[in-house]
Amino acid sequence: MKVVVANAEVQDMVVVMKEGATQAQVDAVVAQLHEMGFDVHRAAGANRTVIGAVGAGHGDPALIGVRDGVHEVLRISEPYKLASRSFQRENTVITIGDVRIGGDEVVVMAGPCSAESPEQVEATAVAVKRAGAKVFRGGAFKPRSSPYSFQGLGETGLRMLSEAADRHDLKLITEVMEIAQIPVVEQFAHILQVGARNMQNYSLLRELGRVRTPVLLKRGMSATIEEWLMSAEYILSGGNMNVMLCERGIRTFESYTRNTLDISAIPVVQQLSHLPVISDPSHGTGRRDKVAAMARASVAAGADGLLVEVHCDPDHAVSDGAQSLFPKQFEQLMGELRIIAPAIGRSICVEPVARRGWGR
Ligand code: PEP
Ligand code: MN
């Protein structure tokens, strides 16, 4: 028996409608693409409607190209489709209340590696808020290399993090490790973090495609940029378009640092994809004394945000203390970033909160 496999790489396409195309014309194109067997996704263009046709469809793109209201039909040659710049030229901006990730402002997410106690969470939240962070980070479900290490406080930790974030008007990002945790983590967090070890947990990614809470997808420690974007595609193809990517260092032959932060991945991904790119200099280096330099370099390279570990007492942290900044170091870093960001046309928490008299 001869098995014919459709070549999705050739078939997938982006249909760019003319400026001023009518809704009826757009609907007719969508209907024909559905008839051809494609999954159809619409992208938010500034002036025109852009339609992505992906999946197992067949048909002659020329049939679409001659329809009324169609400007052009482009083939998408990259294996990732919805994540690609061909599908959406404009940057994705993820809006969470008054926080916009992927816009002009560099958004800083900071906090401890893990929630340990109400006091530790509160003291760290106060410190990061005062220095200008917009999002509070902290783990409650922890992916640890050793089963004997601290595994996180679970739901109790989530509550601590969420209450502290609310008290200080911070959004919350925390990790979700498995499908069963999604409902409870979604209840408390504004952003769901997928850890490096889970970047290729495809069933988790598929399930995150079904929710609408923004997802921060960390790069796997030995993942290529293409594999990373394919993982993002799993979430996007489920319908959740609120995905940001996080470079957190990859494994190389170098052992001086915990990982090698691939700063070049920032401009590379920004060229290939419209998704916001966040840099994590904490896991990227594993050393507190190298975090600020890599954070500054990340912002200079164009990162849309940073994920930084800060602890009120890093010497006694239960996880990742060696790479966690003291509050004073974080405050100094934020001051430096406020000089670097405008040099490349970005802003960063324009006015230091401390100067507005927040509990100094
Ligand atoms: C973390 O952010 O604390 C974490 C465990 O990160 P990663 O998945 O990058 O190791
Ligand atoms: Mn950590």
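Assorted remarks:
- Compared with the direct C-alpha span, the chain from Asp169 to Ala123 gains 15.1 nm at full extension, assuming 0.36 nm per residue.
- In this calculation the C-beta distance from Phe326 to Thr257 is compared with R0 = 22 Å, giving a FRET efficiency of 0.70.
- Fewest-first ranking of Leu63, Leu337, Leu82, using other Cβ atoms within 10 Å as the exposure measure: Leu63, Leu337, Leu82
- Coordinate range of the alpha-carbon atoms in the range 245-285 per principal axis, descending: 33, 17, 10 Å.
- Burial ordering of Ile96, Ile51, fewest other beta-carbon atoms within 10 Å first: Ile96, Ile51
- Were the residues from Ser146 through Ala62 laid out at 0.36 nm apart, the gain over their Cα-Cα distance would be 24.7 nm.
- Put a dot 7 Å past the Cα of Asn47, heading toward its Cβ, do the same for Thr224, and the two dots end up 3.8 nm apart.
- Theoretical FRET efficiency, 1/(1+(r/R0)^6), r = Cβ-Cβ of Arg89 and Arg197, R0 25 Å, to 0.05: 0.15
- Put simply, the amide H of Phe150, placed in the peptide plane, has no neighbours under 5 Å, leaving out anything fewer than 5 places away on its chain.
- The alpha carbons of the chain give a radius of gyration and a Dmax of 21.5, 76 Å, in that order.
- For the chain, the relative contact order comes to 16 percent (Cα pairs under 8 Å, sequence separation of at least 6).
- As a calculated quantity, the FRET efficiency between Glu178 and Ser264 at R0 = 35 Å, using C-beta atoms, amounts to about 0.65.
Each reported figure results from applying straightforward, stated rules to the coordinates on display, with no laboratory input. Computed from a predicted structure; not experimentally measured. Neighbour counts are summed over all protein chains in view; Cβ atoms, including those assigned to glycine, are modelled from backbone coordinates with ideal geometry.
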